Amino acid sequence: MPPADDIVYLDHLASTPLDRAVLEAMLPWLSATGAGNPHSGHRAGWRAADAVEAARAEVAALVGARPGEVVFTSGATEANNLALLGAVPEGWPVVVSAVEHPSVLEMLPELARRGHRTAVLPVDRDGRVDSADLAARLEAGPAFVSVMAANNEVGTIQPLDELAALCRACGALFHTDAVQALSTLKLDMRGQGIDLLSLSGHKLYGPQGIGALVLRDGLALRPAILGGGQQEGRRAGTLPVALCVGLGAACRLARQRRDGDAARLRLLRERLFGALSARLPGLRRNSPADGLPGCLNVTLPGLDAADLLLDLPDLALSTGSACAGGRGGPSHVLLAMGRTAEEAHGSLRFGLGRGTTEAEIDRAAERVAAAATSS
């Protein structure tokens, strides 16, 4: 296995490297001078609490919310679970898209067990939900709707404005898993009518182990963790000050950099696709051209992508979602988009990020093409 500094890292959709500025913001809270429980009633605790609240304000600013609407969690999986198990009104149906993250889709059996009717919205060949399908589902009355802002495997950006407007018109609640979107796309919960939003630090060049559920003022939330009453009783447990500070710093950087990062990554993505297409004429693109700037998912017909990766130890790539990587079956996202199981097994996901260079793009294209043609 090559040393880490010899690996071209193209798996930013699974986890982004910690930005140095984020690390520097966290370091004081990882040292002895940063000791203090933010829920304690003394000077060290008050200082820690102030840092947490400043971070809460940065998270809120990134998504167009108020600081008091932010509930810190251990990550987006917990945030999605908390939204679906804690914010769905009693007896309401739950509607999700077919391309959601497993932390949403795998909640459906539990919701059904609790008496909620559930439905899954189909997607087109680009992985996009049709607003008319949602409108038809909502004709029977309000529901809790969850559709991700941008897909984690193919980068499809969903029409959030249309979907949220449909929900608002009939009194439904709209939740979005915004994990993949926030580093390069602008979301405005209040302006777009989004009721609940999930995010995660390690998809924003922040630390792993921290995320948030942001929910509109006035929404009831049944806590999944009890035992202390922290965060106004919405999620118990001592808050990790350094991680909260890191998430706040990452959100501040995302606001400052997202437009520039998006433009640069879009160019790099097209450079990569062009280089791969020139070397592999049968290559098929699964990611829409108007999708996430840093995401490129392609199918190499006749090849098994997992086997191909074994010949590319110097490249950090993926065959799909890291959270579904241990299942071994074909991508549920690609199947929902109408791809065959064979096509799904032959698909690679490239996740470009803030530190990706043109030289790395060119090297990756050359290495993948060489491995594919020799297989």
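Key figures
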read-out: Some residue of region 257-271 being farther than 19 Å from GLY155 by Cα and either in contact with a Gly (Cβ under 8 Å, 6 or more places away or on another chain) or among the hydroxyl-bearing types (Ser, Thr, Tyr) (or both); value: no
read-out: Number of the condition not met by ILE225 [criteria: (1) buried (at least 18 other Cβ atoms within 10 Å of the Cβ); (2) modelled with pLDDT under 95]; value: (1)
read-out: Members of region 190-224 that are over 25 Å from VAL145 (Cβ atoms) and out of contact with any helix residue (DSSP H, G or I) (no Cβ under 8 Å at 6 or more places or on another chain); value: HIS202
read-out: Counted residues, region 353-366 - those being more than 18 Å from ARG279 (Cβ to Cβ) and buried (at least 20 other Cβ atoms within 10 Å of the Cβ); value: 2
read-out: In region 29-54, the residues that are in a helix (DSSP H, G or I) and surrounded by 14 or more Cβ atoms within 10 Å (Cβ to Cβ); value: TRP29, LEU30, GLY34, ALA44, GLY45, ARG47, ALA48, ALA49, ALA51, VAL52, GLU53, ALA54
read-out: Condition broken by VAL333, with the remaining ones in (1) under 28 Å from ASP6 (Cβ atoms); (2) touching an Asp or Glu at 6+ places or on another chain (Cβ under 9 Å); (3) modelled with pLDDT of 95 or more satisfied; value: (1)
read-out: Index of the failed condition, GLU90 passing every other in (1) surrounded by 15 or more Cβ atoms within 10 Å (Cβ to Cβ); (2) closer than 22 Å to LEU213 by Cβ; value: (1)
read-out: Qualifying residues in region 1-60 (those that are basic (Lys, Arg) and in contact with a helix residue (DSSP H, G or I) (Cβ under 9 Å, 6 or more places away or on another chain)) - the one farthest from THR73 (Cα to Cα); value: ARG47
read-out: In region 96-136, the residues that are free of Cβ contacts under 8 Å to residues at least 60 places away in the same chain and surrounded by 19 or more Cβ atoms within 10 Å (Cβ to Cβ); value: VAL96, MET107, LEU111, HIS116, LEU121, VAL129, LEU134
read-out: Residues of region 342-365 that turn out to be of a type in the set (Ser, Thr, Tyr) and in contact with a Phe, Trp or Tyr (Cβ under 9 Å, 6 or more places away or on another chain), as a count; value: 1
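The values are calculated or read from the model by the stated rules, or taken from the named source; none is laboratory data. Just so it is clear, the model here is predicted, and its values are computed rather than measured. For neighbour counting, all protein chains shown are included, and Cβ atoms are generated from backbone atoms with ideal geometry for every residue, glycine included.
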